[in-house]
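To start, the structure itself, in structure tokens.
The values are calculated or read from the model by the stated rules, or taken from the named source; none is laboratory data. Given the structure is predicted, the values throughout are model-derived calculations rather than measurements. Positions of Cβ are backbone-derived with ideal geometry, glycine not excepted, and every protein chain shown enters the neighbour counts. The area values use the complete protein model at the heavy-atom level, side chains included, leaving out ligands, DNA and RNA. Shrake-Rupley method; radii C 1.70, N 1.55, O 1.52, S 1.80 Å.
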Amino acid sequence: MSRLVMKFGGTSVATLDRIRRAAKRVGREVANGHEVIVIVSAMAGKTNELVGWVNETSPFYDAREYDAVVSSGENVTAGLMALTLQEMDVPARSWQGWQVPVQTTGAHGAARIEAIPTANLDARFADGMKVAVIAGFQGISPEGRITTLGRGGSDTTAVAFAAAFDAVRCDIYTDVDGVYTTDPRITSKARKLDRIAFEEMLELASLGAKVLQTRSVELAMRYGVKLRVLSSFDEYDETAGTLVCQEDEIVENNVVSGVAYSRDEAKMTLLNVDDKPGIAAAIFGPLAEAGVNVDMIVQNISEGGQTDMTFSCPIDQVKRATQAMEGAKASGGIAYTDLVADTEVAKVSVVGIGMRSHTGVAAHMFKALRDENVNIKVITTSEIKISVLIDRKYMELAVQALHDTFGLEKLGGGLES
Ligand code: ASP
Ligand code: MG
């Protein structure tokens, strides 16, 4: 029998009514002949509340107890979903992570799934159970303690189950109807994509398009799990949502598929550092140790043996980065005359697998920004992405201009499915 994984995010299970709505959808897939594994999130807002309680109780908390508290939201929805299905005469049973068991590393608060033995659920399916409801976001460590997978982690639970149980597809039900060419709040010309390649989704997810946890896309790509992102609020139809799939399942590759942005960036520049071997290691070593997520890096041409080194990081890490640099200077690891932080910047990126085979995308992008008089402060590129750092006040303008110049308005719905 074919297995299907259906994941419902927090807004899709926010009330008993919505749980009922979601359960009906599950019931329909059972009627279609699937054995269904349902992954649930905590009710919307619940996890934030639990995290708040932990912080209030113990600012430097024991991560094992953080996981004990924060994982509980999913337990409630799993039980309620199983009860709702039973009320609809669908044979269903709930499982917490440790019962399956979802075996993870011991990195509390950010654990990784290592294995999901299938025997337990398989036996119940063989007995006539039609739906296994799994509390997302959680597992059990080698020491036998409850772990959580990091915020947004139930997406990863869903993909991991789809891989372990060889599911035909993993449907991620959420509050948006798919993956868009850019944020519809920034331009009404944003279009829903029918299909997007794993690599593109990975870039968009890590750039801050919050539809899917980045790790879940990595896993889906590694195991070839077909992922579909769709809304639990729209009327259902077979072609709903966006399919995240292998590149060769997309008939026509777009040169650019999406424009992503990240608002909360900071640009830090160290002035007059010595241009000598080991200097980058002496700067970025202490930053890494301090837990600063460095993103873009630029080193200027040196003059008289000195150079400036610029990097970007999330705005809330500026203090940490500054302390790390001052510490490295005080201990003699590096020398510089000044550290300048620009906290008024944002990152805008264009992403598309077609860039691999098309030249001139960067030039096209820079011209569009020039036409809007937007100054570029830092540039980085990868095989399928070009990112620029610009003044934050021009972020919306830049996103709109790039969306226009690459004709993304014409993409949505235009691809064969
Ligand atoms: N409830 C968890 C969170 O809010 C996990 C999830 O919903 O994916 O982060
Ligand atoms: Mg989520």
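Just one of the listed residues (Lys347, Lys385, Lys393) is basic (Lys, Arg), open to solvent by 40 Å² or more (accessible area, probe 1.4 Å) and in contact (Cβ under 8 Å) with a residue 40 or more places away in the chain, and it is Lys393.
Just one of the listed residues (Ser154, Ser188) is among the hydroxyl-bearing types (Ser, Thr, Tyr) and more than 16 Å from ligand 1 (Cβ to nearest atom), and it is Ser188.
Applying a threshold of 9 Å to beta carbon distances and a minimum spacing of six or more residues, or different chains, the list of pairs starting in the stretch 43-69 at a residue that is farther than 25 Å from Leu16 by Cβ and open to solvent by less than 50 Å² (accessible area, probe 1.4 Å) and ending at one that is among the β-branched types (Val, Ile, Thr) and within 16 Å of ligand 2 (Cβ to nearest atom) reads Val54/Val70; Tyr66/Val51; Tyr66/Thr148; Asp67/Thr148. Within the stretch 175-184, the residues that satisfy the criterion of being surrounded by fewer than 24 Cβ atoms within 10 Å (Cβ to Cβ) and within 14 Å of ligand 2 (Cβ to nearest atom) are Asp175, Val176. Based on this model, can you work out whether His364 counts as closer than 15 Å to Ala190 by Cβ and either of a type outside the set (Phe, Trp, Tyr) or in contact with a helix residue (DSSP H, G or I) (Cβ under 9 Å, 6 or more places away or on another chain) (or both)? Considered against the rule, which asks whether it is closer than 15 Å to Ala190 by Cβ and either of a type outside the set (Phe, Trp, Tyr) or in contact with a helix residue (DSSP H, G or I) (Cβ under 9 Å, 6 or more places away or on another chain) (or both), His364 comes out as no. Screening the candidates Glu35, Glu56, Glu74 for the property of being under 20 Å from Val211 (Cα atoms), of a type in the set (D, E, K, R) and at pLDDT 95 or above yields one hit, Glu74. Working only within the stretch 1-24, note down all residues that are within 23 Å of Ala160 (Cβ to Cβ) and surrounded by fewer than 18 Cβ atoms within 10 Å (Cβ to Cβ). Those that are within 23 Å of Ala160 (Cβ to Cβ) and surrounded by fewer than 18 Cβ atoms within 10 Å (Cβ to Cβ): Met1, Ser2. When restricted to residues that are of a type in the set (Ser, Thr, Tyr) and within 16 Å of ligand 2 (Cβ to nearest atom), the stretch 1-30 contains 2.
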